Amino acid sequence: MKHAIFATLAVSVLACLGLAQQAKALNQQDLEQFKTTGSCPRCDLSGADLSGANLPRVILRDANLKGANFSQSDLRGADLTGANLEGALLNNANLTAASLTGALMKSASLENANLAFASFMSTNLEATNLKGANTMMTNFRGAYFRLTTMPTSVVTADKPYGWSLQRPQKRECDKFKLDSATGSVCATELRTEDIQEQKK
């Protein structure tokens, strides 16, 4: 009898905790503000279902969008700078020219999303799914890749990898340089010894 009472109480407590966490996860006032104005920086919309929504140029800077569903949504030109999109669903979403600079996208899914001209500078893309995504002119400078599924379905290594660290050494890129032209056509910085050699 005691065991049955204890089990019932335990289930009730767990259910209450679950409801409390769910209520805490999504702020209804923030959601209403976002729906009304399209601007809600630092809002808590975690777990919100905004799939298929028409949201071009919305402002959600530093917002908590953890676990939110933006699948098939129109987010062209959206400002998601510094947003927490951990575990968020953005499958088939249109993120053309959107800013996701410094965003946390760990375990997010952007399968078949349009990321053309979007900025992912310094974005955490650990375990992110980019399978089939359009990455034409997408800026991944300084992005963090680890176990990331790339658009080609290739998964990156389990070691941390920064896109900006891809070529730390000087490349043979002055091969076609004209003698009369000044400067360098090299995309990476010249080594100190090369600079000193040029000054002579």
(Q) Given the options S184, S119, name the one that is modelled with pLDDT of 55 or more and open to solvent by less than 60 Å² (accessible area, probe 1.4 Å). (A) S119
Q) Is it fair to say A97 is open to solvent by less than 20 Å² (accessible area, probe 1.4 Å) and either over 19 Å from D62 (Cα atoms) or assigned to a loop (DSSP other than H, G, I, E, B) (or both)? A) no
Q) Of the residues G38, G82, G142, which single one is modelled with pLDDT under 95, touching a Ser or Thr at 6+ places or on another chain (Cβ under 9 Å) and open to solvent by less than 40 Å² (accessible area, probe 1.4 Å)? A) G142
Q: Check the range 85-106 and report whether any residue there is in contact with an Asp or Glu (Cβ under 6 Å, 6 or more places away or on another chain) and of a type in the set (S, T, Y).
A: yes
Q.
For the range 127-139, give me each residue that is part of a loop (DSSP other than H, G, I, E, B), at negative phi and open to solvent by 30 Å² or more (accessible area, probe 1.4 Å).
A. K131, T135, M136
Q: Look at N69 and say whether it is open to solvent by 30 Å² or more (accessible area, probe 1.4 Å) and touching a Phe, Trp or Tyr at 6+ places or on another chain (Cβ under 9 Å).
A: no
Q | Matching option when the condition is part of a loop (DSSP other than H, G, I, E, B), more than 18 Å from D30 (Cβ to Cβ) and in contact with a strand residue (DSSP E or B) (Cβ under 8 Å, 6 or more places away or on another chain), among E86, E111 | A | E111
Q) Conditions: (1) within 24 Å of V155 (Cβ to Cβ); (2) open to solvent by less than 40 Å² (accessible area, probe 1.4 Å); (3) out of contact with any Leu (no Cβ under 8 Å at 6 or more places or on another chain). G77 meets all but one. Number of the miss? A) (1)
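The values are calculated or read from the model by the stated rules, or taken from the named source; none is laboratory data. Nothing here was measured: the structure is a model prediction, and the numbers come from that model. For neighbour counting, all protein chains shown are included, and Cβ atoms are generated from backbone atoms with ideal geometry for every residue, glycine included. Only protein heavy atoms, including side chains, enter the accessible area calculation; ligands, DNA and RNA are left aside. Shrake-Rupley method; radii C 1.70, N 1.55, O 1.52, S 1.80 Å.
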